[in-house]
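Enquirer: Quick one: the structure is below, and I'll ask about it shortly.
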Amino acid sequence: MADSVVLDPVDLQLLRLLQNDARTTYRDLAAQVGVAPSTCLDRVARLRRAGVILGHRLELDPARLGRGLQALLSVQVRPHRRELVGPFVERIRALPESRTVFHLTGPDDYLVHVAVADMTDLQRLVLDEFTSRREVARVETRLIFQQWECGPLLPPATAAPAPPATAAPAPPATP
C-alpha cells in the first residue's frame, strides 16, 4: 500500500482545481491559490514526483469511435497463481477493447470493462481473447446500458465557518 503524502491547504486547492480542469495554466492556478507562478510550478512538480498526480487524460467517446457497446466481463482464473495471472493481465490490458481491469476478491478474480462495436465483436472478444486462454475458467458478461461519472476525488473546499453571531442587546423594557 502506498504511503500517504502530507498536503497543505495550497496543495489541496491546486489538486481541486487541476482535477476539475487539468489544462489550467500555471499562471491561472497560481492566481487562484494566491502564490507565484514559479511556486505553483514547483508545487505541482513535487506532487507529481510524490505520486499524488499520476498524469493527465484525454477522455474519448467510445460510441463516436465505433465502439458503441460496452460490457463488464467477470473473469475467473484457475489456478490463480502469479505466473499465470501476470501474463493474463498484460494481455488483457494490451487489448484495444479493454478500458479498465480490476483485480478482485471474491468468486471472480477480474472485472474487465470493454468497449466493442457490436454483439458480434463482443462474442469474438470473449471467445478469442478470454475463454480460449487456458487459465480462464469462467467468464460472465454484463452489458452496460448507461454509465455516469462520479464526482471528483477531492470535494470542493468548504467555506470558512461563519463568525459566531453576537447577541443583540435586549430592547429596553417598557413600563
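The values are calculated or read from the model by the stated rules, or taken from the named source; none is laboratory data. Note that the structure is predicted; figures quoted are calculated from it, not measured. Cβ placement follows ideal geometry from the backbone for every residue including glycine, while neighbour counts extend to all protein chains displayed. Each accessible area value is taken on the protein alone, full model and side chains, heavy atoms only, with ligands, DNA and RNA left out. Shrake-Rupley method; radii C 1.70, N 1.55, O 1.52, S 1.80 Å.
Enquirer: Using DSSP loop states and a limit of at most 10 other Cβ atoms within 10 Å to flag GluC sites (Glu not before Pro), what is the longest stretch of the chain containing no flagged site?
Expert: 60-148
Enquirer: List the longest stretch of the chain that has no exposed loop site; here a site is one of the chymotrypsin sites (Phe, Trp or Tyr not before Pro) assigned by DSSP to anything other than H, G, I, E or B, with at most 10 other Cβ within 10 Å.
Expert: With chymotrypsin sites (Phe, Trp or Tyr not before Pro) excluded where exposed in loops, the chain gives 1-144 as its longest stretch.
Enquirer: Here are a few candidate values for Kirkwood radius over Cα pairs in Å: (1) 20.7; (2) 19.0; (3) 17.4. Which one was actually calculated from the structure I just gave you?
Expert: (1)
Enquirer: A further question on this structure: Please list, by residue number, every one of the trypsin sites (Lys or Arg not before Pro) in region 105-149 that is coil in DSSP and has at most 10 other beta-carbon atoms within 10 Å.
Expert: Answer by residue number: R134.
Enquirer: Oh, and also: Of the heavy-atom accessible surface of region 53-123 (probe 1.4 angstrom), what whole percent is carbon and sulfur?
Expert: In region 53-123, the share of accessible area belonging to carbon and sulfur is 53 percent.
Enquirer: Which log10 I(q)/I(0) values does region 1-41 give at q = 0.15 Å⁻¹ under the Debye formula, counting every alpha carbon as one identical point scatterer?
Expert: -0.36
Enquirer: List the trypsin sites (Lys or Arg not before Pro) in region 1-78 that DSSP assigns to loop (not H, G, I, E or B) and whose Cβ has at most 15 other Cβ atoms within 10 Å. Which are they? Present the calculation step by step, with values, prior to reporting the outcome.
Expert: Numbers: sites: R16, R23, R27, R43, R46, R48, R49, R57, R64, R67; in loops: R23, R57, R67.
For trypsin sites (Lys or Arg not before Pro) across region 1-78 that sit outside H, G, I, E and B with at most 15 neighbouring Cβ atoms in 10 Å, the list reads R23, R57.
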